[in-house]
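Asker: Take this structure first; my questions come after.
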Amino acid sequence: MRILVTGAAGFLGSHLCDRLLSDGHQVIGMDNFITGRPGNLEHLAANPNFTFIRHDVSNFIFVPGKLDAVMHFASPASPNKESPFGYPNLPIQTMKAGALGTHNTLGVAKANGARYLLASTSEIYGDPAINPQPETYWGNVNPIGPRSMYDEAKRFAEALVTAYHDFHKVDTRIVRIFNTYGTRMRLDDGRVIPNFIEQALNHNPLTVYGDGAQTRSFCYVDDLIDGIVRLLQSDETRPVNIGNPIEMSILELAQTINRICGSPAGIIMKPTLQLGNDPKRRQPDISRAREVLGWEPKVSLEEGIKAVLPYFKEQLNLL
Ligand code: NAD
Ligand code: UDP
């Protein structure tokens, strides 16, 4: 297949390009580097099956030649206001990537008769009133809160994908991605795993926001990408949660990372930046992925964290 991947210079987009290329596809990567980095694609520069187009997906998209699939991953993704790469500091760009970017990429898919896959998110469930979250749950989202630029853009994106599916008969897929970590994440994008690993490797105390009782469920990148590729190849047009169902508190995560990194510096509690909007619990119900994709994650948190440490050490010049 000949596949357009937007957000290709980001964390997930670059891993997705690698996987699609190793499966024998031709890949066109698109990115404007607002949160991604050219270095994430450096290793593909000489690959004849990979081409790159620097472009903002919020503007009309033209890709020469026939496409078989479009995978829309372009969007800032970190909720942390303390990072310049967090979506609270890029609110209009985030809404445009989710709304106009989804519209433009759907237009490309429609014009090509191509399959379309949207990278959606567990954030569409907001601060969920039920745990774990199945795809049938409609969510609990504050439309004007500190995460609204992201949550509502992704909810609009899902609605637009559904409209193109039902009205224009585009062959669509929606993956709802839960917290994922791996190499190529920016050290400074403010998400919890890069923050904690950087702090632990520098023997600084880990900054736990709020009381640390809020939970998340962390998926290793290779597991996630495998689930997404299975979804693209399946006939499932309903949304599918992909994530690791092992839930833990942020305090527990901090203790685990300090232990694995051998950091003696402990933890400091900081006031939450989220004004009561930090989801209190998050855990994917992956029954649908198990049933229709035959997928479940394989890599434990301990194995995954150990696997990414050399990358973070290199970023910090600690090797
Ligand atoms: P990332 O910031 O590393 O990657 C996003 C990429 O999109 C970056 O390279 C950025 O430059 C690019 N981009 C943003 N706006 C753009 C625009 N207007 N035009 C072109 N390129 C643009 O983040 P990520 O973690 O790799 O996230 C990728 C996708 O997966 C996002 O859509 C995000 O919402 C979704 N997602 C990620 C997670 C996760 O845990 N990593 C969880 C849920 C959903
Ligand atoms: N968090 C934290 N310390 C940090 C960064 C994040 O305690 O240095 C918390 C954050 O408040 C949230 C959880 O970790 O409860 C996950 O945050 P992340 O930014 O990774 O993504 P989210 O799942 O909130 O979208």
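Asker: Enter the accessible area of E82 (Å², nearest 10), with the probe set to 1.4 Å and all protein chains included.
Answerer: 110 Å²
Asker: Can you tell me the 0 to 90 degree angle between the C-alpha axis of helix 250-261 and the longest principal axis of the chain, rounded to 10?
Answerer: Helix 250-261 and the main axis of the chain meet at about 80 degrees.
Asker: Among the listed pairs K154/K306; K66/K96; K270/K298, which have their C-alpha atoms separated by more than 30 angstrom in this model?
Answerer: Going by Cα-Cα distance, K154/K306; K270/K298 fall outside the 30 Å limit.
Asker: Give me the accessible area of R147, 1.4 Å probe, in Å² rounded to the nearest 10.
Answerer: The accessible area of R147 comes to roughly 20 Å².
Asker: Which angle from 0 to 90°, rounded to the nearest 10, does the C-alpha axis of helix 192-201 make with the longest principal axis of the chain?
Answerer: Result, in degrees: 40.
Asker: Report, in deg cm²/dmol and to the nearest 500, the calculated mean residue ellipticity at 222 nm for the chain, where each DSSP H run with n ≥ 4 adds -39500 (n - 2.57) and the sum is divided by the residue count.
Answerer: About -11000 deg cm²/dmol.
Asker: Roughly how tilted is helix 11-22, in degrees to the nearest 10 and between 0 and 90, from the longest Cα axis of the chain?
Answerer: Approximately 50 degrees, to the nearest 10.
Asker: Arrange the residues Y87, Y137 by how much accessible surface each exposes, largest first, with a 1.4 angstrom probe.
Answerer: Sorted descending by solvent-accessible area, the residues read Y137, Y87.
Asker: Next question. For the chain, give the share of DSSP beta bridges that are antiparallel, in percent and rounded to the nearest 5; count only bridges with both residues there.
Answerer: Beta bridges within the chain, antiparallel portion: roughly 10 percent.
Asker: Then there is this: What size of dipole, in debye to the nearest 20, comes out for segment 270-319 about its Cα centre when the only charges are +1 on Lys and Arg C-beta atoms and -1 on Asp and Glu C-beta atoms?
Answerer: For segment 270-319, the charge dipole is close to 180 debye.
Asker: So, one more: Using 0.36 nm times the number of residues separating A307 and R290, minus their current alpha carbon distance, what extension gain do you get?
Answerer: Full extension of this stretch gives 3.6 nm more.
Asker: Around E247, with a cut-off of 13 angstrom between Cβ atoms, what is the net charge of the other residues, counting Lys and Arg +1 and Asp and Glu -1?
Answerer: +2
Asker: Also, quick follow-up: As a test question: what accessible area, to the nearest 10 Å², does V292 have when a 1.4 Å probe is rolled over all protein chains in place?
Answerer: 60 Å²
Asker: A follow-up question, please. How much of the accessible area of segment 193-319, in percent, comes from carbon and sulfur atoms when a 1.4 Å probe is used?
Answerer: 50 percent
Asker: Please give the length that would be gained between H168 and L21 if that part of the chain were fully extended, namely 0.36 nm times their separation in residues minus their C-alpha to C-alpha distance (nm, one decimal).
Answerer: 50.0 nm
Asker: OK, next. Leaving ligands and nucleic acids out of the surface, order M71, M248, M269 by accessible area at 1.4 Å, largest first.
Answerer: My answer, sorted largest first, is M269, M248, M71.
Asker: Once the Cα gyration tensor of segment 1-106 is found, what semi-axes does its equivalent ellipsoid get, as square roots of 5 times the eigenvalues, in whole Å, sorted largest first? Display every interim value, and only then the final one.
Answerer: Values: eigenvalues 110, 51, 20 Å².
One finds semi-axes of 23, 16, 10 Å for segment 1-106.
Asker: Can you give the three extents of the C-alpha atoms in the chain along their principal axes, from longest to shortest, in whole Å?
Answerer: 56, 45, 38
Asker: Can you tell me the accessible area per residue over segment 254-319, all protein chains present, probe 1.4 angstrom, in square angstrom?
Answerer: Result: 56 Å² of accessible area for each residue.
Asker: Skip the ligands, DNA and RNA, and give the accessible area per residue of segment 47-149 with a 1.4 Å probe, whole Å².
Answerer: 44 Å²
Asker: Would you mind checking the radius of gyration and Dmax of segment 196-319 based on alpha-carbon positions, in Å?
Answerer: In Å, with Rg to one decimal and Dmax whole: 16.6, 50.
Asker: To continue, here is another question. Assuming 0.36 nm per residue, please report the length gained on full extension of the stretch K298 to F60 beyond their Cα-Cα distance.
Answerer: Gain on extension, K298 to F60, equals 81.8 nm.
The values are calculated or read from the model by the stated rules, or taken from the named source; none is laboratory data. Quick caveat: nothing in here was measured; it's all calculated off a predicted structure. As a convention, Cβ positions derive from the backbone with ideal geometry for all residues, glycine included, and neighbour counts pool all protein chains shown. Only protein heavy atoms, including side chains, enter the accessible area calculation; ligands, DNA and RNA are left aside. Shrake-Rupley method; radii C 1.70, N 1.55, O 1.52, S 1.80 Å.
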